[in-house]
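I have placed the structure first, in the form of C-alpha cells, so that the comments after it can refer back to it.
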Amino acid sequence: MRAAEHIIVLAGAGLSAASGIPTFRDGGGMWRSLDPTSLATPEAFAANPSLVWQFYHYRRTKALAARPNAAHDIIAKLSIPTYLKKVAPNAKSFHLITQNIDGLSSMALESLLEKTHAVDAPEGVSIPKASIVEMHGRLFDVKCTECGSCQEDRSPALCPALSGADDTFQNYQDAGTHEIKIPESDLPRCVECGALARPGVVWFGEIPHHMDKINELVLKADMILVVGTSSTVCPASTFASGVKEHGGKVAIFNVEPSGEDEEADFVFAGRCETVLPDLFP
Ligand code: BJW
Ligand code: ZN
C-alpha cells in the first residue's frame, strides 16, 4: 500500500456478510431450499418470474434492514483522499469494484461524507461517489423487460402480491412443493409502458455493467485488495490475475481459501470486518 499508486478493491458477498446479507456459495444463501445461483439467470426468470421476483423481494427486505459494517466503513474511508494518503502516501487513485447489489458500500460512503463535511471538507471530497463501480447492478433498480426503462424503487414491497406471498410463506418450508404462483399481471410492471419489470441486476450470461471503466482500472492498478469473494464468477474472477500480469500486487481477504489465492502476494485469513479495521486503523 505504501508503494501503490493506483489501488482497486474487488468486493464480493463476504463484505456484506456481517451486515446480515447471505452469501451465495458457502451455504448461507439458500432460499426456501433453492440454490440462489439457479435463480439468478434470465432463463429462471423467463420460466418462472413469480418465483424469481419472490426471491428478489426477500433479498430487498433483507437489504432494506441492513446497515454497512466495519469493512464497508474502512473501504469508504480509503476513498477519502486525506485518509488514503495516510496509508498509501503515493496513491493517485482508489476505486471499489463491487459485485454486490445491496448498495451498502454507497451507504457507508454517503454517511462518511456527511460526517466529514460536518467536520472539515477534505480535498477531493466531491470525487469519491464515482469511485464505486457496481458491476452486477443494483437490487433496488427495477428494469422493464421491454423498453429498458430503469428506475430505483426502495419501497418495501413493489406490489401487494409480493408482500402477500411473503406473509403466506412464513408457514411453508419448501418452495418446490408449496410454491405460490403470482400471475404476471400482478408482478411489478414498468411505470413507462406497463410491461413486466425485472430486477435491475446482472444475471449469468448477461454482460456486467461498466466493463470499459473496469478494464481500464484493472490495467492501471498496481494493487488490488480482493475482499470476501469466492472468485468463481467471471469476469470478476480474472481481475487479480489481470493486475498480477503487469506486476501489480494482490492481497486477499477471506475467511476461507478462495479461487485467487494462488495469485496472491498476501492472504489475510479472517473476517474482513475485523481484519480490515485492524490493518487500516
Ligand atoms: C467472507 C466473509 C467475511 C464470507 N469476511 N470473507 C460456463 C457456462 C455458462 C456461463 C459461463 C461458463 N463459464 C463462465 C461463464 C460466465 C459466467 C460465470 O462466471 N459462470 C461461472 C459460475 C462458471 N459469468 C457470467 O455469465 C457473467 N457475464 C459474463 O461473463 O459476460 C461475458 C462478458 C463479460 C465481460 C465483458 C463482455 C462479456 C455475469 C455474471 C453475473 C453474476 N450474477 C450474480 C447475481 C447478481 C444478482 C444477485 O445478487 O442476485 O452475481 S451470481 C452471484 O455470484 C452474484 C455475485 O456477485 C457473484 C459472485 O459471488 P461472490 O460475491 O463471490 O459470493 P460467494 O458467495 O461465491 O462468495 C462469498 C465469499 O465470501 C466466500 O469466499 C466466503 O468464504 C467469503 N466470506 N464471509 C471475508 N465475513
Ligand atoms: Zn417499459
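A few comments on the model shown:
- Pairs of alpha carbons in segment 145-272 whose separation is greater than 23 Å (percent): 56 percent
- Between Asp35, Asp212, Asp73, the residue with the greatest mean-square fluctuation in the GNM of the chain (Cα pairs under 10 Å linked by springs) is Asp212.
- Total lysine pairs in segment 1-115 at Cα distances under 17 Å, for residues eight or more apart or on different chains: 4.
- Using a Förster distance of 22 Å, the FRET efficiency for Val267-Lys92 (Cβ separation, nearest 0.05): 0.25
- In this label model, Glu43 and Asp212 are separated by 3.2 nm, measuring between points 7 Å along each Cα→Cβ vector.
- Using the Karplus relation 6.51 cos²θ - 1.76 cosθ + 1.60 with θ = phi - 60°, the per-residue 3J(HN,Hα) values for segment 18-23 come to 6, 8, x, 9, x, 7 Hz, with x marking Gly and Pro.
- Gyration tensor over alpha-carbon atoms, the chain, equivalent ellipsoid semi-axes in Å: 35, 20, 18
- Across segment 159-165, coupling constants 3J(HN,Hα) worked out from phi with the 6.51/-1.76/1.60 Karplus curve, θ = phi - 60°, read 7, x, 4, 5, 6, x, 5 Hz, and Gly and Pro carry x.
- Aspartates and glutamates with Cα under 18 Å of Lys143, excluding same-chain neighbours fewer than 8 positions away: Glu43, Asp102, Glu134, Glu152, Asp153, Glu184, Asp186, Glu192, Glu206
- The chain: most fluctuating residue of Gly20, Gly103, Gly205 per GNM, C-alpha cutoff 10 Å: Gly205
- Near the amide H of Val133, within less than 5 Å, lie the amide hydrogens of Leu96, Ile97, Thr98, all on another chain or at least 5 residues away, with H placed in the peptide plane.
- Gain in span if fully extended, Glu146 to Lys220, counting 0.36 nm per residue against the direct Cα distance: 22.9 nm
- Remark: C-alpha extents of segment 190-254 on the principal axes read 51, 25, 17 Å, sorted largest to smallest.
- Nonlocal amide H pairs with Ala40, under 5 Å, H built at 1.01 Å: none
- Evaluating 6.51 cos²θ - 1.76 cosθ + 1.60 at θ = phi - 60° for every residue in segment 264-281, the Karplus couplings come out as 7, 7, 9, 10, 9, 7, x, 6, 4, 6, 10, 5, 4, x, 5, 6, 10, x Hz, glycine and proline recorded as x.
- Highest-fluctuation residue, Pro160, Pro36, Pro188 considered, GNM on the chain with Cα pairs under 10 Å: Pro160
- Nonlocal amide H pairs with Arg32, under 5 Å, H built at 1.01 Å: none
- In this simple spin-label model, placing a label point 7 Å from the Cα along the Cα-to-Cβ direction at both Ser111 and Asp153 gives a separation of 2.7 nm.
- Nearest-ten-degree value, helix 49-65 long axis tilted from longest Cα axis of the chain: 50 degrees
FYI, it's all coordinate maths here, none of it is from the lab. All figures in this text were calculated on a predicted structure; none of them were measured in a lab. Note that we place each Cβ from the backbone using ideal geometry, even for glycine, and neighbour counts take in every protein chain shown.
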